[in-house]
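A short worksheet on the structure shown next.
Coordinate-derived values only; no laboratory data. Predicted, not measured: the structure shown is a model, and the values here were computed from it. As a convention, Cβ positions derive from the backbone with ideal geometry for all residues, glycine included, and neighbour counts pool all protein chains shown.
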Amino acid sequence: MTNEVVIKTEKLTKRFGDFIATNEITFDVHAGEIFGFLGANGAGKTTAMRMLCGLSTPSSGKATIAGFDIYKQTEQIKKNIGYMSQKFSLYEDLTVTENIRFFGGIYGLSDKQIKEKSDTLVQQLGLQGELKKLVGSLPLGWKQKLAFSVAVFHDPKIVFLDEPTGGVDPVTRRQFWDLIYAASDRGITVFVTTHYMDEAEYCNRISMMVDGVMKALDTPANLKKQFNSGSMDEVFFELARGAKRKAD
Amino acid sequence: MSWPGEQNEKQTDMKQFITFVRKEFYHVFRDRKTLLLLFGMPIAQIILFGFALTNEIKNSKIVICDYAKDVSSMAIIQKLEASKSFEIEKNLLSHKEIETTFREGKVKLAIVFPANFNHDLAHLNKAQIQIIADASDPNTANTLTNYAAAIVRDYLQELLKNTSIPLQINTDVRMIYNPELKGVTNFVPGVMALVLLLVCVLMTSVSIVKEKEMGTMEVLLVSPFNPILVIISKAVPYFLLSLINLTIILILSVYLMGMPINGSILLLYFESSLLILTALSLGLLISNSTDSQQSAMLISLMGMLLPTMMFTGFMFPLENMPLPLQIISNIVPSKWYYIIVKSIMIKGLGFSAIWKETLILSGMTLFLLVVSIRKFKIRLA
């Protein structure tokens with residue numbers, strides 16, 4: 001982790017009519033950091049993340065991603081980020097190789113780069129025997145690991161993960177986090193939303209959204225100390241209790 | 001980081017585009033059921049419309065008008081009688097009786113031997129037979145004349161076996177009541193419009209919505225790939241497949257149904273490409289207004305099938321409709337395409353005759369395209 005700031009937001013806000021989905025959130029994320037973005041359903045996590053990815057324009061506030069302005073330089077931002085949605089995001093009717101080639105291709109990698117990188121990726125995931133299989137026939141855990149590897153395939157500065165581990169068992173989740181650590185070691189900043197409090201513990205720093213407002217932001221250890229509780233579960237409960245919004 | 005320099009931007013765009021189109025083709029070819037539907041539908045339609053209405057020709061009643069009464073004419077008549085297809089109702093004394101018999105409705109075909117039939121054949125090596133059909137039921141008329149002509153050819157073959165003289169018997173086919181064989185000419189352009197519209201609208205809308213449903217659309221939108229190119233790349237395979245489909249329909253209708261293509265094939269393909277574009281824009285519009293494959297499919301089917309069937313003019317004549325419906329029919333793109341195709345295929349007219357319809361269709365396409373791309377952009381905001 002270095003001191004280079006790769007995500008910087010200042011009073012970032014998104015309104016839908018009268019409804020303020022994300023209310024003046026301000027935070028910095030450093031290069032190589034694993035930044036956990038927590039909150040109950042409907043707290044405004046997804047909206048914030050969509051703004052940071054350039055999928056949605058903020059109503060007000062400022063933000064830079066990898067040094068690029070979120071309003072004016074979305075094209076440059078897109079080249080420097082990776083994204084994995086909570087709906088697992090590969091093509092099920094394409095084979096493993098075809099998916100890798102496709103996503104490498106639309107990020108403008110050359111055939112040679114794709115070849116080299118996919119060899120490494122396949123070895124890392126142990127997918128040697130499955131290259132010609134349709135992704136739809138792989139077990140969910142493998143699909144998710146593959147989806148993550150594809151999301152960081154083009155070596156982005158930042159990768160956004162939207163609830164990446166939904167529906168998989170703890171062992172696979174642990175393996176998934178090994179991949180996240182490996183990416184972080186390579187200098188890729190990881191911005192991850194999650195519901196699982198054990199996963200929150202894996203993050204370098206976490207932020208907690210309640211009703212569109214960022215209620216807390218610190219390391220897991222400091223937060224536990226601050227709320228005088230033994231686990232992240234309790235911290236989350238303490239913070240989320242005051243929420244007025246109904247989960248969607 | 002290894003981002004290509006600005007000078008390579010164009011090249012990279014092209015490569016990304018090709019990568020994307022390739023992926024779309026994988027989708028199409030992996031989905032066997034859809035593929036079957038895609039190519040099975042036009043074939044089924046043509047066969048349904050073309051043959052389902054035709055009865056098998058068995059003991060069809062015909063009349064003979066034999067002015068020659070010589071060896072050859074007798075021989076052919078005998079062959080006609082011997083065949084299971086025909087049953088000679090009566091021998092007429094003159095041409096004029098043919099129409100009266102047709103009006104009675106039982107007889108659909110008349111065969112006329114001119115005087116001197118055998119004489120012509122023996123001395124000029126060339127004789128003529130006239131086959132007259134009641135074409136108010138075009139399919140039956142077509143089949144009957146083909147059968148009769150085949151029998152005449154059969155007889156000629158037998159003659160040729162024993163001689164080296166290149167004998168010829170020309171069959172002069174006359175269709176009365178419906179010389180244009182209106183059935184076929186009506187339904188082929190209609191089926192073309194229907195199939196092109198259905199396939200393109202349905203396939204594009206479903207394939208775009210599928211990406212949304214699967215969550216891959218978001219990933220694409222987050223990528224540096226130009227969103228407009230997403231749409232174009234999706235359209236390319238369906239555009240090509242539709243052209244193949246069009247070719248199949250044309251081959252079937254020309255060789256199976258005897259549909260003529262009197263005008264320029266190139267112009268026909270150009271105008272069809274225009275309709276395909278209209279359909280693709282419509283599909284895009286539909287995909288913008290819904291998030292589930294099922295509803296995209298329903299909207300496409302309901303929104304396309306019924307208006308196309310109703311207002312194109314190939315099933316129900318537009319002239320007979322109440323005025324409000326006639327006015328509504330003007331906003332159905334297939335109506336204009338139908339006029340265009342009939343003009344090219346049957347009347348053999350050139351571009352100068354159909355520029356107005358072409359302009360209307362182009363206008364519709366442009367309008368739909370602008371609206372749907374604007375809607376697509378708004379969704380991104």
key: Long pairs among A:Lys45/B:Lys212; B:Lys84/B:Lys347; A:Lys14/A:Lys78; A:Lys62/A:Lys215; A:Lys143/B:Lys23; B:Lys84/B:Lys108, criterion Cα-Cα beyond 25 Å   = B:Lys84/B:Lys347
message = For a quick check: sort B:Leu93, B:Leu277 by the number of other beta carbons within 10 angstrom, fewest at the front.
response = B:Leu93, B:Leu277
task = Can you put B:Arg32, B:Arg153 in order of Cβ neighbours within 10 angstrom, beginning with the fewest?
result = B:Arg32, B:Arg153
task = Would you mind checking the radius of gyration and Dmax of segment B:60-176 based on alpha-carbon positions, in Å?
result = 13.7, 44
note = For the protein assembly as shown, whose charge dipole is built from +1 on Lys and Arg Cβ atoms and -1 on Asp and Glu Cβ atoms, the candidate among A:Gln128, B:Trp336, A:Leu179 with its Cα farthest towards the positive end is B:Trp336
remark   = Restricting to Cα pairs under 8 Å and 6 or more apart, the percent relative contact order of chain A works out to 27
task = With only Lys, Arg, Asp and Glu charged, each at its Cβ (+1 for the first two, -1 for the last two), find how big the charge dipole of segment B:60-176 is about the Cα centre; round to the nearest 20 debye.
result = 100
key: Gaussian network model of chain A, Cα within-10 Å springs - most flexible of A:Gln76, A:Gln123, A:Gln175   = A:Gln123
request  = At most 12 other Cβ atoms within 10 Å and a DSSP loop assignment: could you name the chymotrypsin sites (Phe, Trp or Tyr not before Pro) in segment A:120-220 that fit?
outcome  = none
query = Where does chain B land on Rg(C-alpha)/(2.2 N^0.38 Å)?
reply = 1.31
query = Where the only charges are on Cβ atoms (+1 Lys, Arg; -1 Asp, Glu), what is the dipole of segment A:5-240 about its Cα centre, to the nearest 20 debye?
reply = 560
key: Cα long-axis angle, helix A:111-125 against chain A (0 to 90 degrees, to the nearest 10)   = 70
key: Karplus (6.51, -1.76, 1.60) ³J(HN,Hα), θ = phi - 60°, over segment A:148-165, in Hz, Gly and Pro reported as x   = 5, 4, 5, 5, 9, 4, 8, 6, x, 6, 10, 10, 9, 10, 9, 6, x, 10
key: Kirkwood Rh and Cα Rg combined as Rg over Rh, evaluated for segment B:211-325   = 1.06
ask   = Say we join alpha carbon atoms closer than 10 Å with springs in a Gaussian network model of chain A; which of A:Leu146, A:Leu125, A:Leu90 then has the biggest fluctuation?
value = A:Leu125
task = With only Lys, Arg, Asp and Glu charged, each at its Cβ (+1 for the first two, -1 for the last two), find how big the charge dipole of chain B is about the Cα centre; round to the nearest 20 debye.
result = 640
inquiry  = With a 10 Å cut-off between alpha carbons and a GNM built on chain A, which of A:Glu130, A:Glu199, A:Glu116 moves the most?
reply    = A:Glu116
inquiry  = 5 Å is the cut-off here: which amide hydrogens, built 1.01 Å from N in the peptide plane, fall below it relative to B:Gly350, excluding neighbours closer than 5 in sequence?
reply    = none
key: Relative contact order %, chain B, counting alpha carbon pairs below 8 Å whose residues are six or more apart   = 16
request  = Over the protein assembly as shown, consider all pairs of different Cα atoms and compute the Kirkwood hydrodynamic radius from their mean reciprocal separation; express it in Å, one decimal.
outcome  = 29.7
query = According to the Cα gyration tensor, what semi-axes, each the square root of 5 times an eigenvalue, does the equivalent ellipsoid of segment A:119-248 have, listed from largest to smallest in whole Å?
reply = 32, 16, 13
inquiry  = Using a 10 Å cut-off around each Cβ, can you sort B:Tyr255, B:Tyr67 from fewest to most neighbouring Cβ atoms?
reply    = B:Tyr255, B:Tyr67
